[in-house]
């Protein structure tokens, strides 16, 4: 049986956008990119795997921190070039800067203002490199 | 007073990713892209404005359908290359295919399956072009 998980990887140099949302709270945690291999690994392993544009290689989220993202549900958008992945995040936060969500700054009167408290100390996880 | 709304438009050919989320339900409605002008117009007008990669021009969401997105809150991610925009959507749905959200297909047993009911008839809005 042929499975059809076709996505449009052509519009963005072989990548689709992946929005990561906490499946319980609904909070948007981060945005990453997946190439076809990262998407396949995400589906096969059940852990969100991205393609790092800066490092130009696959990136299992949590490979350093242990803060993996357990996939609960995957949706595709109408253009098949964006994914919405609802996850159970392992660990206190997905952001390498120590926050629950990478979206920890809000626009207020024309400036970005930190709107969250840190959820963990990134130095204790990333050895001060973050 | 200098306002600092700096974002990193360099990583994706002058664009940042914009995730659109319903500010009441928390549902992720769509993903679009903004160049610097689209972002500025979004902030200034209070209506989400994107840059259409296919049409290569600014795109006020709802300019055809009337289904504008009223901006309630804007957050930036740690890399300053993605935005989370919480909105009040005007109209029954943001998707040009007639759904509340563009993410209306879920991955089930290796295939994309429509998981929502249509919220409106796209032919009545887009004249059958959608």
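The values are calculated or read from the model by the stated rules, or taken from the named source; none is laboratory data. Since the model is a prediction, treat every value here as computed from it, not as a measurement. Don't worry about glycine lacking a Cβ; one is built from the backbone with ideal geometry, like all the others, and counts go over all protein chains shown.
Could you check the range B:87-116 and list, in sequence order, the residues that are touching a residue at least 12 places away in the same chain (Cβ under 8 Å) and surrounded by fewer than 20 Cβ atoms within 10 Å (Cβ to Cβ)? Break it down into steps so the answer makes sense when it comes.
Step one: of the range B:87-116, the residues touching a residue at least 12 places away in the same chain (Cβ under 8 Å) are B:87-104, B:116.
Within the range B:87-116, B:88, B:90, B:91, B:92, B:96, B:97, B:116 qualify.
Just to be sure before I move on: is residue A:114 modelled with pLDDT of 95 or more and under 21 Å from residue B:17 (Cβ atoms) in the structure I sent? Against the criterion (modelled with pLDDT of 95 or more and under 21 Å from residue B:17 (Cβ atoms)), residue A:114 qualifies.
Within the bounds of the range A:62-71, is there any residue that is in contact with a helix residue (DSSP H, G or I) (Cβ under 7 Å, 6 or more places away or on another chain), in a loop (DSSP other than H, G, I, E, B) and either surrounded by fewer than 16 Cβ atoms within 10 Å (Cβ to Cβ) or within 13 Å of chain B (Cβ to nearest Cβ) (or both)?
If we filter the range A:62-71 for residues that are in contact with a helix residue (DSSP H, G or I) (Cβ under 7 Å, 6 or more places away or on another chain), which is where we start, we get A:64-65, A:71.
Still in the list and also in a loop (DSSP other than H, G, I, E, B): A:64-65.
Within this subset, residues satisfying the condition of being either surrounded by fewer than 16 Cβ atoms within 10 Å (Cβ to Cβ) or within 13 Å of chain B (Cβ to nearest Cβ) (or both) are A:64.
Yes, the range A:62-71 has at least one match.
With respect to (1) within 11 Å of another protein chain (Cβ to nearest Cβ); (2) out of contact with any strand residue (DSSP E or B) (no Cβ under 7 Å at 6 or more places or on another chain), the lone exception for residue B:105 is condition (2).
Only a single criterion out of (1) touching a strand residue (DSSP E or B) at 6+ places or on another chain (Cβ under 8 Å); (2) more than 30 Å from residue B:46 (Cα to Cα); (3) at pLDDT 95 or above is not satisfied by residue A:119, namely (1). Residue-level check: of (1) in a loop (DSSP other than H, G, I, E, B); (2) closer than 20 Å to residue A:12 by Cβ, residue B:32 misses just (1).
Looking at B:53, B:40, B:86, B:27, which is the one that is more than 25 Å from residue A:27 (Cβ to Cβ) and facing chain A (nearest Cβ under 10 Å)? Lay out the reasoning, then the answer.
Working: B:40 fails: facing chain A (nearest Cβ under 10 Å); B:86 fails: more than 25 Å from residue A:27 (Cβ to Cβ); B:27 fails: more than 25 Å from residue A:27 (Cβ to Cβ).
The unique qualifying residue is B:53.
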